[in-house]
Amino acid sequence: MRDAEGFPVLDIREGACTFCGACTAACETGALVAGRAFPWRAAANDACLSKNAVQCRICEDHCDAQAIRFRLLPGGCSEPQFDAERCTGCGACAQPCPAGAISLHPFTPQPLMETRPC
Ligand code: SF4
Ligand code: SF4
């Protein structure tokens, strides 16, 4: 789909990205290039039901990458934790979220720390 200015938009509320590459093939200007790392990762905001003491694990059930774990919190709440190393940014967790709490955010991989002998 396109936004109001005509630019292409990936709306994960409509469904997940399969990384099939069809968008790069269709791009006439070369603005979308295949093979680049996808620099987006999922996160949940405070509308998440689990954060508000309502039992829900729907996002975890839809994540093939097993990137979501839950951290227990006081008061019967729990918080989904998204592993940025496992998350592909596919968005499959967002569409089924009953609270619409999940969105994608820019992600920059951290360089590995150089280890030196003592
Ligand atoms: S599916 Fe949505 S509401 Fe349910 S735990 Fe995940 S983020 Fe929270
Ligand atoms: S965006 Fe995809 S890989 Fe990342 S947490 Fe959601 S379902 Fe899992």
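Summary of values
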quantity	calculated
Largest-first principal axis extents of the Cα set of the chain (Å)	53, 52, 25
Förster radius 30 Å - calculated FRET efficiency between Met113 and Glu79, Cβ distance, rounded to 0.05	0.65
Simple spin-label estimate for Met1 and Thr18 in nanometres, 7 Å along Cα-Cβ	1.9
Extension gain from Phe38 to Asp61, taking 0.36 nm per residue of separation minus the Cα-Cα distance	6.1 nm
Extension reserve of the Asp46-Cys27 stretch, reckoned as 0.36 nm per residue once the Cα distance is removed	3.3 nm
Packing-based order for 1-11, 43-53, using average beta carbon neighbours within 10 Å, highest first	43-53, 1-11
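Taken together, the values in this text are just the output of simple stated rules run on the coordinates, not laboratory data. Not measured: the values here are computed from a predicted model. Counting neighbours? That spans all protein chains shown, and the Cβs are built from the backbone with ideal geometry, glycine included.
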